[in-house]
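Reviewing the structure listed below.
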Amino acid sequence: MSPRAGKTGPHTLAFVESPVQLLNVLEWAHAHAPDAELALVVLAPTDPMTRGQLRRMAELAREEGHTVRWEEARGGPAAPFQTVGGLTGLLRRARRVVLGDPFSRYVQLLLTITRARHLVVVDDGTATMEFVAQLARGERLVRWHRKGGRPGARDLVFAPVSARARRRLTPTAGRQVEIFSSMPVDETPAGVTVHANDFAWTRFRFGPPRITRGADMVGTSLVETGVVDAERYLDAVRTLAKAHGATRYFAHRRESTEKLHRLAVETGLEIVRPDLPLELIARRGPIGRTILSFPSTVVHTLPLALAGTEVRVAVCDIDPAWLTDHASPRAQGFLSGVTGTARDVTRLQTVTALG
């Protein structure tokens, strides 16, 4: 038990399922709760790269004086029942719950158990923008890249839990809801407090980085989520790399091995699989003077993490022709909004125009 924790357990309980969520919990704790009795619960995914980054982030969290509880939440059919059962006591005692993915069914289930009067939502990338908008409009919580239309059978079965979780995330006279985000928040839900994440902990803990003369490229999982056609994506990466002299490609943790192999062979880029979120990798350095990206979270976070350096973040929009037939009807508008609202970035011509 951490020296910060009392005999009844931690007052603040955080649930994370990705390295970026854990990073943003550390940013929130640094900015708003430096003396909080914080216990981090990792609801471990099965993806090896994500697990590796989460373990490295867990080490950093322990160095900051927090406790970390690793839950094999997806380790078999009985795992969810064991995980929820084991966490029930902590949930009911916690005064404050911090969560990184309000769309997660796991998190939604845990929200129905907690009695906490203070809920904090930290960034889970660009999904935060959609969450805030849906909460403000009173809509059901659905990830932006999910195809539109009628909900599936699993959605219908889980609907009561999701609806209850959404009510828990709605402020009342006795419940405070806070959003801690580096994303632009245009539609603030009534009664919700919004705090800006400026990556102060990252800048304090790492860097400043050594900056190289070349350019680096940031990968995206838009192909893996079925939004962007794989061949179009490879062509776009090849064209951008050639136009800007990029030499390294920082892979997204969800990118497939097959796609990354093709990228290496067909573009000549050095594929880098980071062991930490890119904000920390870039701040630690070395990093290119120019960072190329498609619409993603990093076009919002990297300018903050690299504030005060000479690094330029450049973003290329997704051409509508790249979208697959399975892409959500909302995909193009959402991706355009991601780049259109980004601050301190350079907007590039579309790859069609460059090619």
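The values are calculated or read from the model by the stated rules, or taken from the named source; none is laboratory data. Because the structure is a prediction, the values reported are computed rather than measured. Cβ: placed from backbone, ideal geometry, glycine included. Neighbour counts: every protein chain shown.
Go through (1) under 19 Å from Gly340 (Cα atoms); (2) not assigned by TED's automatic domain parsing to the domain that holds Ser256 and name the single condition Pro189 misses.
Condition (1) is where Pro189 drops out.
Exactly one condition in (1) crowded, with 16+ Cβ neighbours inside 10 Å; (2) within 28 Å of Ala331 (Cβ to Cβ) is not met by Ala36; state its number.
(2)
In this structure, is Arg289 touching a residue at least 40 places away in the same chain (Cβ under 8 Å) and either in contact with a helix residue (DSSP H, G or I) (Cβ under 7 Å, 6 or more places away or on another chain) or under 25 Å from Asn24 (Cβ atoms) (or both)?
Taking the combined requirement at face value, the residue does not satisfy it.
Any idea which of (1) touching a residue at least 40 places away in the same chain (Cβ under 8 Å); (2) in a loop (DSSP other than H, G, I, E, B) is the one Met129 doesn't satisfy?
Only one criterion is unmet by Met129, namely (2).
Scan region 270-312 residue by residue and report those that are surrounded by fewer than 23 Cβ atoms within 10 Å (Cβ to Cβ), within 25 Å of Arg51 (Cβ to Cβ), more than 15 Å from the chain's Cα centre (by Cα) and of a type in the set (A, V, I, L, M, F, W, C).
Result: Ile271, Val272, Ile281.
Note down all Cβ pairs under 7 Å where the first residue falls in region 307-328 and is within 17 Å of Ala241 (Cβ to Cβ), the second is exposed (fewer than 15 other Cβ atoms within 10 Å of the Cβ) and modelled with pLDDT of 95 or more, and they're at least six residues apart or on different chains.
Arg312/Arg289
Can Leu40 be described as assigned to a strand (DSSP E or B) and either in the same structural domain as Val107 (by TED's automatic domain parsing) or touching a His at 6+ places or on another chain (Cβ under 9 Å) (or both)?
yes
Of everything in region 196-244, what is in a loop (DSSP other than H, G, I, E, B) and surrounded by fewer than 20 Cβ atoms within 10 Å (Cβ to Cβ)? Give them in sequence order.
Matches in region 196-244: Asp198, Phe206, Gly207, Pro208, Pro209, Arg210, Ser221, Glu224, Thr225, Gly226, Asp229.
Pick from region 98-124 the residues that are β-branched (Val, Ile, Thr) and either out of contact with any helix residue (DSSP H, G or I) (no Cβ under 6 Å at 6 or more places or on another chain) or touching a residue at least 40 places away in the same chain (Cβ under 8 Å) (or both): which of them is farthest from Ala39 (Cα to Cα)?
The extreme case among them is Thr112.
Select, from Met49, Met57, the only residue that is under 24 Å from Arg273 (Cβ atoms) and touching a Pro at 6+ places or on another chain (Cβ under 6 Å). So that I can check it myself, show each step before the final result.
Values: Met49 fails: touching a Pro at 6+ places or on another chain (Cβ under 6 Å).
Answer to the check: Met57.
So Gln21 fits all but one of (1) in contact with a His (Cβ under 6 Å, 6 or more places away or on another chain); (2) at pLDDT 95 or above; what number is the exception?
Condition not satisfied by Gln21: (1).
Tell me which of these Thr257 doesn't satisfy, since it passes every other one: (1) touching a helix residue (DSSP H, G or I) at 6+ places or on another chain (Cβ under 6 Å); (2) surrounded by fewer than 17 Cβ atoms within 10 Å (Cβ to Cβ); (3) closer than 22 Å to Val20 by Cα.
All conditions pass for Thr257, except number (1).
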